[in-house]
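To start, the structure itself, in structure tokens.
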Amino acid sequence: MIGNDIVDLLQADAESNWRRKGYLQKVFSSEEQQLIHSASNPCQMVWLLWSMKEAVYKIHSRKKNWQAFAPGKLYCSEVKISGQCASGVVTCQRIRYFTQSSLCPDFIHTIAGESFPIEAASIRISSYDPSDLSYRNTAPATVSHHGRYLALAYL
Amino acid sequence: MDRQLLLSKLKTIVASYSHDKDALEYLSETTDFTKDLKINSANLVDVVLDVEEEFDIEIDNLSMERMLNVSAAIEIIESKLKEK
């Protein structure tokens, strides 16, 4: 099983003020907060960790039929950034998942899987048109949209 | 606090983050924050923080996990207000 998540950085910046008092504490562990505060680009780190959690939540919630708003129960670790690529591990209820992310100036996209290397998936990122639902007929394994972007991944 | 008053205060809070104005108009106890109001998950954190400020309560992580719809939110707010 795979899961993905896209964050439109412009949209995130307009909609969310993660610098507001108490925000980071509700979402991130102290280790994750440390990563954010020590990052050269804290904003990018916030949304990278967020997209890792969201992508993994998509797998874990389906696998375990688990529905909760519990970003604090998904722990990011082993986050490595190299240029425009990032990888990491997210642990939820003692299960480890693996993530790979693309860090672009306008968006961050993460794909998550149950094993490493992650199952080969082809990823298609395009502009999102809410009135066009034709992508549903293409049977993507996982779908994410946010702001200007639609991200589909196929196995 | 009167349940109607509580509901109207909650409605004011979620209005800032809802992407579905119709669902907001017809807000009821069964309204789901993400499925109906289309509030994105990053803004669910704001809803929780706004609720904490408005009612001067603290929402612990276990309560936050369940705060996915209006009825759960009301139940959590009422129980936290009683604890005060």
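Only one of B:Ser79, B:Ser28, B:Ser18, B:Ser71 is on the phi < 0 side of the Ramachandran plot, out of contact with any Asp or Glu (no Cβ under 8 Å at 6 or more places or on another chain), small (Gly, Ala, Ser) and part of a helix (DSSP H, G or I); which?
Exactly one residue qualifies, and that residue is B:Ser79.
When residues of region A:62-75 are filtered for being open to solvent by 40 Å² or more (accessible area, probe 1.4 Å) and either touching an Asp or Glu at 6+ places or on another chain (Cβ under 7 Å) or facing chain B (nearest Cβ under 9 Å) (or both), how many remain?
Number satisfying all stated conditions: 2.
Could you grab me the full set of residues in region B:52-75 that are open to solvent by less than 50 Å² (accessible area, probe 1.4 Å) and within 12 Å of another protein chain (Cβ to nearest Cβ)?
The answer is B:Glu52, B:Ile59, B:Ser63, B:Met64, B:Glu65, B:Met67, B:Leu68, B:Asn69, B:Ala72, B:Ala73.
When residues of region A:81-98 are filtered for being buried (at least 18 other Cβ atoms within 10 Å of the Cβ) and within 14 Å of chain B (Cβ to nearest Cβ), how many remain?
Going through region A:81-98 one residue at a time, the tally reaches 1.
In region B:21-51, which residues are of a type in the set (Asp, Glu) and within 13 Å of another protein chain (Cβ to nearest Cβ)?
Correct list: B:Asp32, B:Asp46, B:Asp50.
Only one of B:Thr31, B:Thr12 is within 11 Å of the chain's Cα centre (by Cα), surrounded by fewer than 19 Cβ atoms within 10 Å (Cβ to Cβ) and free of Cβ contacts under 8 Å to residues at least 40 places away in the same chain. Can you tell me which?
B:Thr12
Can you tell me which residue in region A:64-101 is farthest from A:Ile36 (Cα to Cα), limited to those that are basic (Lys, Arg) and in contact with a strand residue (DSSP E or B) (Cβ under 8 Å, 6 or more places away or on another chain)?
A:Arg96
Condition first: outside any helix (DSSP H, G or I) and surrounded by fewer than 18 Cβ atoms within 10 Å (Cβ to Cβ). Can you find one or more residues in region A:47-61 that meet it? Don't jump to the end; show me each part of the working.
Within region A:47-61, the subset outside any helix (DSSP H, G or I) is none.
No, that holds for no residue.
Which members of region A:15-29 meet the condition of being open to solvent by less than 90 Å² (accessible area, probe 1.4 Å) and under 19 Å from the mean Cα position of the chain (by Cα)?
Within region A:15-29, A:Glu15, A:Ser16, A:Asn17, A:Trp18, A:Tyr23, A:Leu24, A:Lys26, A:Val27, A:Phe28, A:Ser29 meet the criteria.
Out of A:Glu78, A:Glu119, report the one residue that is at positive phi and either open to solvent by 50 Å² or more (accessible area, probe 1.4 Å) or touching a residue at least 60 places away in the same chain (Cβ under 8 Å) (or both).
The conditions single out A:Glu78.
Which of the following residues is crowded, with 20+ Cβ neighbours inside 10 Å and more than 14 Å from chain B (Cβ to nearest Cβ): A:Ser127, A:Ser131, A:Ser144, A:Ser101?
Numbers: A:Ser127 fails: crowded, with 20+ Cβ neighbours inside 10 Å; A:Ser131 fails: crowded, with 20+ Cβ neighbours inside 10 Å; A:Ser144 fails: more than 14 Å from chain B (Cβ to nearest Cβ).
Testing whether each residue is crowded, with 20+ Cβ neighbours inside 10 Å and more than 14 Å from chain B (Cβ to nearest Cβ) leaves just A:Ser101.
Only residues that are closer than 19 Å to A:Ile81 by Cβ and within 12 Å of chain B (Cβ to nearest Cβ): list them for region A:25-52, please.
Result: A:Phe28, A:Ser29, A:Val46, A:Trp47, A:Leu49, A:Trp50, A:Ser51.
The values are calculated or read from the model by the stated rules, or taken from the named source; none is laboratory data. A quick note: this is a predicted structure, and the numbers were derived from the prediction, not measured. No Cβ is skipped: glycine too gets one built from the backbone with ideal geometry, and neighbour counts run over all protein chains shown. In case anyone asks, the SASA skips ligands and DNA or RNA and just uses the protein heavy atoms, side chains included. Shrake-Rupley method; radii C 1.70, N 1.55, O 1.52, S 1.80 Å.
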